[in-house]
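J.: Quick one: the structure is below, questions incoming.
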Amino acid sequence: NLSRLPRGPGHADEMPYCPKTSPLIGGPIHVTFPSGLTLAQVQRKNPLVVRGGRYRPPDCEARHKTAIIIPHRHREHHLKFLLYYLHPFLQRQQEEDWDCLFFHDVDLIPEDDRNLYVCDANPKHAAIAMDKFGYKLPYKMYFGGVSALSPLHYLKMNGFPNNYWGWGGEDDDIGVRVSLAGMYISRPSLKVGRYKMIKHKLDKGNDVNPKRFNMLAKTRQTWKMDGMNTVEYEIVSREYLPLYTNITVNIGTES
Ligand code: NGS
């Protein structure tokens, strides 16, 4: 029976694949920010999420495996709200582990269950309708907020640039890399790719980068020489917390 596969090494039990469309998926999500929310409450609401923030459906074999990467610094307050929505959202989509990478701003909350956190044949831009832009794209080439790449997509575009410091432009550079590497940007519908941003002031120590336009003009010349093949970092710590894995890296300073 092809619909039944072993659960992997160490698992004698066999389970059917989850249905192609999860029966748990609803439609729009009403996003509010409960005051006094704690991570302990989020943990209690998500008893099947295990160490490091992992989840697998308890009674079927997931068809999709996604890792959510949420770069952040001094933004635990936003992370808490994101985890509050993201864990139940992903559980309704019946996913586990990963072979697909979601790069996720810490302050964006998905507002529709049908926005599936799975990879497409091409790099996907998921955050196409944000409340602060009136639920439409701010400009045609916008690739910021939430995007999804398979490891193969990531390799083809030589990953992300390493030389953008401060605010702005890095997401545009990544969008340009997608097309320079011969790929297209896929997008969900405007109805589904909706996000609410947690309102906040500009981060301290993250000033607007005055060099970003000059750098963007040169992406075509630089993308093969700067990216995944030149990234340098040092892992400071890796903590397997109940709701997420917290990896702290030292990326040095602007040279
Ligand atoms: C563009 C920035 C992007 C940024 C987008 C939305 O102007 O990095 O605005 O910004 N590009 C450049 O500066 C070259 S937002 O309104 O979300 O803060 O993502």
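Read-outs throughout are calculated quantities, based only on the coordinates presented, and are distinct from any laboratory measurement. Keep in mind that this is a model prediction, so the values were computed, not measured. Every residue, glycine as well, gets a Cβ built from its backbone with ideal geometry; the counts of neighbours run over all protein chains shown.
J.: Any chance the range 219-234 includes a residue that's in contact (Cβ under 8 Å) with a residue 60 or more places away in the chain, within 16 Å of the ligand (Cβ to nearest atom) and either among the hydroxyl-bearing types (Ser, Thr, Tyr) or surrounded by fewer than 11 Cβ atoms within 10 Å (Cβ to Cβ) (or both)?
T.: Yes, the range 219-234 contains a residue that is in contact (Cβ under 8 Å) with a residue 60 or more places away in the chain, within 16 Å of the ligand (Cβ to nearest atom) and either among the hydroxyl-bearing types (Ser, Thr, Tyr) or surrounded by fewer than 11 Cβ atoms within 10 Å (Cβ to Cβ) (or both).
J.: Suppose the filter is surrounded by fewer than 22 Cβ atoms within 10 Å (Cβ to Cβ) and either within 12 Å of the ligand (Cβ to nearest atom) or within 17 Å of the chain's Cα centre (by Cα) (or both); does Tyr184 pass it?
T.: No; evaluated as a whole, the condition is false for this residue.
J.: Sticking with this structure for a sec: Quick one: which residue in Pro188, Pro242 is touching a helix residue (DSSP H, G or I) at 6+ places or on another chain (Cβ under 6 Å), in a loop (DSSP other than H, G, I, E, B) and in contact (Cβ under 8 Å) with a residue 60 or more places away in the chain?
T.: Just a single option satisfies the conditions, and that option is Pro242.
J.: Could you pull out the residue among Ile174, Ile198 that is of a type in the set (A, V, I, L, M, F, W, C) and in contact with a helix residue (DSSP H, G or I) (Cβ under 6 Å, 6 or more places away or on another chain)? Break it down stepwise before answering.
T.: On the way: Ile174 fails: in contact with a helix residue (DSSP H, G or I) (Cβ under 6 Å, 6 or more places away or on another chain).
Within the list Ile174, Ile198, the selection yields Ile198.
J.: Scan the range 124-136 for residues that are within 12 Å of the ligand (Cβ to nearest atom) and crowded, with 18+ Cβ neighbours inside 10 Å and report the count.
T.: 3
J.: Which one of these does Pro210 not meet: (1) touching a residue at least 12 places away in the same chain (Cβ under 8 Å); (2) within 16 Å of the ligand (Cβ to nearest atom); (3) part of a loop (DSSP other than H, G, I, E, B); (4) farther than 30 Å from Ile25 by Cβ?
T.: Condition not satisfied by Pro210: (1).
J.: Please enumerate the residues belonging to the range 235-250 that are of a type in the set (A, V, I, L, M) and surrounded by 11 or more Cβ atoms within 10 Å (Cβ to Cβ).
T.: Narrowing the range 235-250 to residues of a type in the set (A, V, I, L, M): 235-236, 241, 243, 247, 249.
Result: Leu241, Leu243, Ile247, Val249.
Per-residue answers, yes or no, for (1) within 13 Å of the ligand (Cβ to nearest atom); (2) outside any strand (DSSP E or B):
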residue: Phe103; (1), (2): yes, no
residue: Asn122; (1), (2): no, yes
residue: Pro138; (1), (2): yes, yes
residue: Gly144; (1), (2): yes, yes
residue: Ser147; (1), (2): yes, no
residue: Leu152; (1), (2): no, yes
residue: Val176; (1), (2): yes, yes
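J.: Show the residue pairs meeting these rules: Cβ distance below 7 Å; 6+ apart or different chains; first residue within the range 161-182 and under 14 Å from Tyr142 (Cβ atoms); second residue away from the ligand (no atom under 14 Å from the Cβ).
T.: Gly175/Ile185; Val178/Pro123; Val178/Met157; Val178/Ile185
J.: Out of His64, His87, His78, His74, which single residue is within 17 Å of Asp113 (Cα to Cα), in contact (Cβ under 8 Å) with a residue 12 or more places away in the chain and out of contact with any strand residue (DSSP E or B) (no Cβ under 8 Å at 6 or more places or on another chain)? Quick ask: steps written out before the conclusion?
T.: Values: His64 fails: out of contact with any strand residue (DSSP E or B) (no Cβ under 8 Å at 6 or more places or on another chain); His78 fails: within 17 Å of Asp113 (Cα to Cα); His74 fails: within 17 Å of Asp113 (Cα to Cα).
Only one candidate passes the filter, namely His87.
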